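Worksheet for the structure shown next.
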Amino acid sequence: MSEKEKMSVLESENQRLKTDNDMLLEIVAQMRVTLNRLILQYISADSKG
């Protein structure tokens, strides 16, 4: 495999990793929103009971 081919493979892998990272960051953000909602529900339910 030539240096150009190796570089191309590495660039492709890098782009894939960046895409995966962005997707995971979006998932973490959504999980944070969900957790905050659950905590608020728990606090609301606890204060009513």
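The values are calculated or read from the model by the stated rules, or taken from the named source; none is laboratory data. Being a predicted model, the structure only gives us computed values, none of them experimental. Glycine also receives a Cβ, built like all others from the backbone with ideal geometry; neighbour counts cover every protein chain displayed. Just so you know, the surface numbers come from the protein's heavy atoms only, side chains and all, with ligands and any DNA or RNA stripped out. Shrake-Rupley method; radii C 1.70, N 1.55, O 1.52, S 1.80 Å.
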Please identify the pairs in which a residue from region 1-19 that is modelled with pLDDT of 95 or more has its Cβ atom under 8 Å from the Cβ atom of a residue that is of a type in the set (A, V, I, L, M, F, W, C), counting only partners at least 6 apart or on another chain.
-> 9/1
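Table: residues versus (1) of a type in the set (Val, Ile, Thr); (2) touching a strand residue (DSSP E or B) at 6+ places or on another chain (Cβ under 6 Å); (3) open to solvent by 100 Å² or more (accessible area, probe 1.4 Å).
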position: 6; (1), (2), (3): no, no, no
position: 10; (1), (2), (3): no, no, yes
position: 13; (1), (2), (3): no, no, no
position: 17; (1), (2), (3): no, no, no
position: 27; (1), (2), (3): yes, no, no
position: 31; (1), (2), (3): no, no, yes
position: 40; (1), (2), (3): no, no, yes
Hey, residue 20 within 17 Å of the chain's Cα centre (by Cα) and part of a helix (DSSP H, G or I) or not | yes
Which is in a loop (DSSP other than H, G, I, E, B) and of a type outside the set (Lys, Arg), of 7, 1, 31?
-> 1
